[in-house]
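The values are calculated or read from the model by the stated rules, or taken from the named source; none is laboratory data. Small disclaimer: the values here were computed from a predicted structure and weren't measured. Positions of Cβ are backbone-derived with ideal geometry, glycine not excepted, and every protein chain shown enters the neighbour counts. Surface areas here come from the heavy atoms of the whole protein model, side chains and all, with no ligands, DNA or RNA. Shrake-Rupley method; radii C 1.70, N 1.55, O 1.52, S 1.80 Å.
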Amino acid sequence: KNQVEQSPQSLIILEGKNCTLQCNYTVSPFSNLRWYKQDTGRGPVSLTIMTFSENTKSNGRYTATLDADTKQSSLHITASQLSDSASYICVWNAGNNRKLIWGLGTSLAVNP
Amino acid sequence: EAQVTQNPRYLITVTGKKLTVTCSQNMNHEYMSWYRQDPGLGLRQIYYSMNVEVTDKGDVPEGYKVSRKEKRNFPLILESPSPNQTSLYFCASTGQGNTEAFFGQGTRLTVV
């Protein structure tokens, strides 16, 4: 069983719509939880990094939330654009960069 | 411009022929790592390095070697490649603290 689980596995939305991606993790303790965006065949790009004391963090149209009690995080994308089509990956970090546990990602397709 | 550079981007080789994938970063980061990414399995860490001459195994180190003689370079060596090492490889570097990881463009390796 993956220690970082993401849902849905894939999602299709229309341009301009909002969407929310989910991440549940079972490992603890942790130092920070990260969200990355990965375009097909390219390296992941960091969107947000949240420590256990942070509830929310925004990066433009991307807003991540964290509930350390329930071990859940979400990534909300507002007013989606075609360029948002990518895989979004949730990553648990023990805090020393030594151990990162990567989720399998949610594949998002934004259609015109 | 801050970047992580991997070479080559694409490589097709035959079983048993030693190869090296280079990785270089220009951000003076202490921490560097190598990942492989396979469909359905997400990113898995191969090796990481906390600093010059300090390397350690990740989750899937079998069949790989690394070296960290200089801070900026972290080559991945496959002494005797096998078809099960056909994959998409990423190098990443991270500074100290809760900072984001920067990824290279990826190397798509095919071993026939």
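Which whole-angstrom value gives the distance between the alpha carbon centres of region B:9-44 and region A:40-110? Using only Cα atoms, the two centres lie 23 Å from each other. Taking amide H as placed 1.01 Å from N in the peptide plane, A:Asn32 has its amide H under 5 Å from the amide H of A:Asn93, A:Gly95, each at least 5 places away in sequence or on another chain.
Averaging 1/r across all pairs of distinct Cα atoms in the protein assembly as shown and inverting the result yields a Kirkwood radius of 18.0 Å.
Heavy atoms of the protein chains alone define the surface here; on that basis the protein assembly as shown has 47 Å² accessible area per residue at 1.4 Å probe size.
Neighbouring Cβ atoms from other chains, within 10 Å of the Cβ of residues in A:34-40, number 2 on average. In a reduced charge model with +1 at each Lys and Arg Cβ and -1 at each Asp and Glu Cβ, the protein assembly as shown shows a dipole moment near 460 debye about its Cα centre.
Close Lys pairs in the protein assembly as shown (alpha-carbon distance under 24 Å; sequence gap of 8 or more, or different chains): 26.
Pull out the extension gain between B:Lys69 and B:Arg108, defined as 0.36 nm times the separation in residues minus the alpha carbon to alpha carbon distance; nm, one decimal.
On the way: separation 39, 0.36 × 39 = 14.04 nm, distance 2.46 nm.
Contour length minus the Cα-Cα distance gives 11.6 nm.
In the context of the full protein assembly, A:Ile12 retains an accessible surface of approximately 120 Å², using a probe radius of 1.4 Å and ignoring ligands and nucleic acids. Ordered by solvent-accessible area of protein heavy atoms (1.4 Å probe), largest first, the residues B:Thr13, A:Thr70 come out as A:Thr70, B:Thr13. Subtracting the Cα-Cα distance of B:Asn51 and B:Thr5 from their residue separation scaled by 0.36 nm leaves 14.8 nm. Inter-chain neighbour count for B:100-110: the average number of beta-carbon atoms from partner chains within 10 Å of each residue's beta-carbon is 4. Sorted largest first by accessible area at a 1.4 angstrom probe radius, with every protein chain in place, the residues A:Leu11, B:Leu41 fall in the order B:Leu41, A:Leu11.
Peptide A:41-48 has a mean shielding of 6, counted as Cβ atoms of other protein chains within 10 Å of each residue's Cβ. When you filter the chymotrypsin sites (Phe, Trp or Tyr not before Pro) in region A:27-112 for DSSP loop state and at most 15 other Cβ atoms inside 10 Å of their Cβ, you are left with A:Phe52.
Got a number for carbon plus sulfur as a percent of the protein assembly as shown's accessible area, 1.4 Å probe? Each step should come with its number before you reach the end.
Values: 5290 of 10620 Å².
That fraction is 50 percent.
Remark: accessible area buried at the B-A interface is about 1700 Å², both chains counted, probe radius 1.4 Å. About the centre of its Cα atoms, chain A shows a dipole size close to 260 debye [charges on the beta carbon of Lys, Arg (+1) and Asp, Glu (-1) only; nearest 20 debye].
For region B:58-70, the Karplus equation 6.51 cos²θ - 1.76 cosθ + 1.60, evaluated at θ = phi - 60°, returns couplings of x, 7, 9, x, 4, x, 10, 9, 9, 8, 9, 7, 10 Hz by residue, with Gly and Pro reported as x.
Gain on full extension, evaluated as 0.36 nm per residue between A:Lys17 and A:Ser31 minus their Cα-Cα distance, stands at 1.8 nm. Excluding the site residues themselves, the longest part of chain B lacking any trypsin sites (Lys or Arg not before Pro) in a DSSP loop with at most 14 other Cβ atoms within 10 Å is B:19-68.
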